[in-house]
1. In whole percent, and with a 1.4 Å probe on the protein chains, what portion of the accessible area of the chain is carbon and sulfur?
2. If R0 is 41 Å, what FRET efficiency do you get for residue 45 and residue 6 from their C-beta distance, rounded to 0.05?
3. Chymotrypsin sites (Phe, Trp or Tyr not before Pro), restricted to region 1-48: which are DSSP loop and have at most 13 other Cβ atoms within 10 Å?
4. Out of 87, 68, 108, whose Cα points farthest toward the positive end of the dipole of region 67-139 (charges: +1 Lys, Arg; -1 Asp, Glu; placed on Cβ)?
5. With N residues in the chain, what two-decimal value do you get for its Cα radius of gyration over 2.2 N^0.38 Å?
6. 222 nm [θ] for the chain, helices only, -39500 (n - 2.57) per DSSP H run of 4+, per residue, to 500?
7. Run the simple label-point estimate for residue 106 and residue 88 please: 7 Å along Cα→C-beta, distance reported in nm.
8. Which order, highest average first, do 68-78, 95-105 follow once you tally other Cβ atoms within 10 Å for each residue and take the mean per peptide?
Amino acid sequence: LFALVRLGFNISYLLGGLGLTGLTVGIASQNVIGDIFATLSVVGDRWFAVGDKIAININNESGGGRPQAQCGIVEHIGIRSTRVRLINEGQLLIVPNSEVWRCGIQSFTDCRKRRIQVDLRVALSTPLSQLRRIPTSCRVAVESVQEVAECAGVWLM
(Lines give C-alpha, C1' and ligand atoms only; values in the text may rest on other atoms or scores of the structure.)
Protein backbone atom coordinates (compact mmCIF):
# COMPACT_ATOMS: atom_id res chain seq x y z
CA LEU A 1 0.00 0.00 0.00
CA PHE A 2 2.87 2.37 0.80
CA ALA A 3 4.28 1.77 -2.67
CA LEU A 4 0.97 2.67 -4.28
CA VAL A 5 0.77 5.87 -2.24
CA ARG A 6 4.35 6.78 -3.25
CA LEU A 7 3.47 6.20 -6.90
CA GLY A 8 0.60 8.67 -6.54
CA PHE A 9 -2.40 6.33 -6.47
CA ASN A 10 -5.40 7.18 -4.31
CA ILE A 11 -5.85 4.06 -2.15
CA SER A 12 -9.02 5.21 -0.39
CA TYR A 13 -11.14 3.37 -2.99
CA LEU A 14 -9.02 0.26 -2.56
CA LEU A 15 -9.37 0.36 1.24
CA GLY A 16 -13.11 0.96 0.95
CA GLY A 17 -13.45 -1.99 -1.44
CA LEU A 18 -11.43 -4.23 0.88
CA GLY A 19 -13.61 -3.16 3.82
CA LEU A 20 -16.82 -3.99 1.95
CA THR A 21 -15.36 -7.30 0.79
CA GLY A 22 -14.44 -8.19 4.38
CA LEU A 23 -17.91 -7.27 5.60
CA THR A 24 -19.55 -9.35 2.86
CA VAL A 25 -17.37 -12.38 3.57
CA GLY A 26 -18.02 -12.03 7.32
CA ILE A 27 -21.78 -11.93 6.90
CA ALA A 28 -21.76 -14.78 4.37
CA SER A 29 -19.64 -17.04 6.60
CA GLN A 30 -21.59 -16.37 9.80
CA ASN A 31 -23.69 -19.58 9.49
CA VAL A 32 -20.67 -21.67 8.53
CA ILE A 33 -18.68 -20.47 11.53
CA GLY A 34 -21.72 -21.05 13.79
CA ASP A 35 -22.00 -24.62 12.48
CA ILE A 36 -18.30 -25.24 13.07
CA PHE A 37 -18.47 -24.03 16.68
CA ALA A 38 -21.63 -26.08 17.25
CA THR A 39 -19.81 -29.15 15.85
CA LEU A 40 -16.95 -28.58 18.29
CA SER A 41 -19.49 -28.44 21.10
CA VAL A 42 -21.38 -31.56 19.96
CA VAL A 43 -18.22 -33.62 19.41
CA GLY A 44 -16.29 -32.20 22.37
CA ASP A 45 -19.11 -32.76 24.87
CA ARG A 46 -19.95 -36.15 23.29
CA TRP A 47 -23.66 -35.51 23.09
CA PHE A 48 -24.07 -38.48 20.76
CA ALA A 49 -22.07 -40.64 18.39
CA VAL A 50 -22.61 -42.39 15.07
CA GLY A 51 -25.04 -45.27 15.62
CA ASP A 52 -26.85 -43.66 18.56
CA LYS A 53 -30.65 -43.42 18.60
CA ILE A 54 -31.64 -39.79 19.18
CA ALA A 55 -34.59 -37.42 18.93
CA ILE A 56 -33.83 -33.97 17.53
CA ASN A 57 -36.21 -31.15 18.35
CA ILE A 58 -36.53 -29.37 15.01
CA ASN A 59 -38.29 -26.01 14.83
CA ASN A 60 -41.34 -26.41 12.62
CA GLU A 61 -42.13 -23.04 11.05
CA SER A 62 -45.47 -24.22 9.64
CA GLY A 63 -46.54 -25.72 12.99
CA GLY A 64 -46.66 -22.46 14.89
CA GLY A 65 -42.94 -22.50 15.60
CA ARG A 66 -43.19 -25.37 18.10
CA PRO A 67 -40.35 -27.89 18.06
CA GLN A 68 -41.20 -31.24 16.52
CA ALA A 69 -39.18 -34.28 17.64
CA GLN A 70 -37.66 -36.38 14.86
CA CYS A 71 -36.37 -39.80 16.02
CA GLY A 72 -33.66 -41.68 14.20
CA ILE A 73 -30.21 -43.25 14.12
CA VAL A 74 -27.16 -41.00 13.68
CA GLU A 75 -25.37 -41.91 10.45
CA HIS A 76 -22.78 -39.13 10.18
CA ILE A 77 -21.53 -36.14 12.18
CA GLY A 78 -19.88 -33.65 9.82
CA ILE A 79 -18.34 -30.23 10.20
CA ARG A 80 -21.53 -28.41 9.18
CA SER A 81 -24.32 -30.93 9.65
CA THR A 82 -25.46 -34.19 11.23
CA ARG A 83 -27.27 -36.89 9.24
CA VAL A 84 -29.98 -38.91 10.97
CA ARG A 85 -31.93 -41.77 9.38
CA LEU A 86 -35.53 -41.38 10.57
CA ILE A 87 -36.96 -44.52 12.16
CA ASN A 88 -40.57 -44.24 10.99
CA GLU A 89 -40.16 -42.89 7.46
CA GLY A 90 -36.63 -44.09 6.65
CA GLN A 91 -35.78 -40.68 5.24
CA LEU A 92 -32.36 -39.09 5.72
CA LEU A 93 -32.65 -35.96 7.84
CA ILE A 94 -29.76 -33.53 7.41
CA VAL A 95 -29.67 -30.99 10.23
CA PRO A 96 -27.17 -28.13 10.57
CA ASN A 97 -25.16 -28.59 13.75
CA SER A 98 -26.10 -25.09 14.86
CA GLU A 99 -29.76 -26.23 14.79
CA VAL A 100 -28.88 -29.33 16.83
CA TRP A 101 -27.06 -27.13 19.34
CA ARG A 102 -29.85 -24.54 19.48
CA CYS A 103 -32.86 -26.91 19.69
CA GLY A 104 -31.31 -29.77 21.65
CA ILE A 105 -31.43 -33.52 21.37
CA GLN A 106 -32.59 -36.50 23.39
CA SER A 107 -30.31 -39.55 23.38
CA PHE A 108 -31.87 -42.97 23.90
CA THR A 109 -28.59 -44.90 23.70
CA ASP A 110 -27.78 -44.74 27.41
CA CYS A 111 -31.41 -45.03 28.46
CA ARG A 112 -31.75 -47.94 30.89
CA LYS A 113 -35.54 -47.95 31.09
CA ARG A 114 -38.12 -46.75 28.67
CA ARG A 115 -41.86 -46.40 29.10
CA ILE A 116 -44.08 -46.70 26.07
CA GLN A 117 -47.76 -46.24 25.51
CA VAL A 118 -49.58 -48.01 22.74
CA ASP A 119 -53.09 -47.03 21.75
CA LEU A 120 -55.16 -49.85 20.28
CA ARG A 121 -58.23 -49.12 18.22
CA VAL A 122 -61.08 -51.55 18.00
CA ALA A 123 -64.23 -51.53 15.93
CA LEU A 124 -67.39 -50.23 17.54
CA SER A 125 -69.04 -53.53 16.72
CA THR A 126 -66.59 -55.53 18.91
CA PRO A 127 -68.54 -57.56 21.50
CA LEU A 128 -68.07 -56.63 25.16
CA SER A 129 -66.76 -60.11 26.01
CA GLN A 130 -63.86 -59.63 23.58
CA LEU A 131 -63.17 -56.10 24.85
CA ARG A 132 -62.81 -57.42 28.40
CA ARG A 133 -60.13 -59.92 27.26
CA ILE A 134 -57.92 -57.23 25.65
CA PRO A 135 -56.08 -56.06 28.83
CA THR A 136 -55.24 -59.63 29.85
CA SER A 137 -54.07 -60.55 26.35
CA CYS A 138 -51.92 -57.42 26.16
CA ARG A 139 -50.36 -58.05 29.59
CA VAL A 140 -49.51 -61.66 28.65
CA ALA A 141 -47.96 -60.48 25.37
CA VAL A 142 -45.86 -57.79 27.07
CA GLU A 143 -44.69 -60.03 29.89
CA SER A 144 -43.64 -62.72 27.40
CA VAL A 145 -40.99 -60.37 25.96
CA GLN A 146 -37.70 -61.15 27.71
CA GLU A 147 -36.35 -57.57 27.56
CA VAL A 148 -39.34 -56.12 29.43
CA ALA A 149 -38.37 -55.53 33.05
CA GLU A 150 -41.87 -54.89 34.35
CA CYS A 151 -45.32 -54.21 33.03
CA ALA A 152 -46.74 -51.18 34.81
CA GLY A 153 -50.24 -51.91 33.67
CA VAL A 154 -52.68 -52.31 30.85
CA TRP A 155 -55.84 -50.24 30.90
CA LEU A 156 -58.99 -50.25 28.85
CA MET A 157 -60.45 -46.80 28.48
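The values are calculated or read from the model by the stated rules, or taken from the named source; none is laboratory data. All of these numbers come straight from a predicted model, not from anything done at the bench. Here the Cβ is made from the backbone with ideal geometry for all residues, glycine too, and neighbour counts use every protein chain on show. Just the protein is used for accessible areas: all its heavy atoms, side chains included, with ligands, DNA and RNA removed. Shrake-Rupley method; radii C 1.70, N 1.55, O 1.52, S 1.80 Å.
1. 57
2. Details: r = 54 Å, r/R0 = 1.31.
Efficiency, rounded to the nearest 0.05: 0.15.
3. On the way: sites: 2, 9, 13, 37, 47, 48; in loops: 9, 47, 48.
Passing sites in region 1-48 are 9.
4. Result: 108, furthest along the dipole toward the positive end.
5. Details: Rg = 27.5 Å, N = 157, 2.2 N^0.38 = 15.0 Å.
Here the answer is 1.83, to two decimals.
6. When only DSSP H runs of four or more count, the value is -12000 deg cm²/dmol.
7. So the two model labels end up 1.3 nm from each other.
8. 95-105, 68-78
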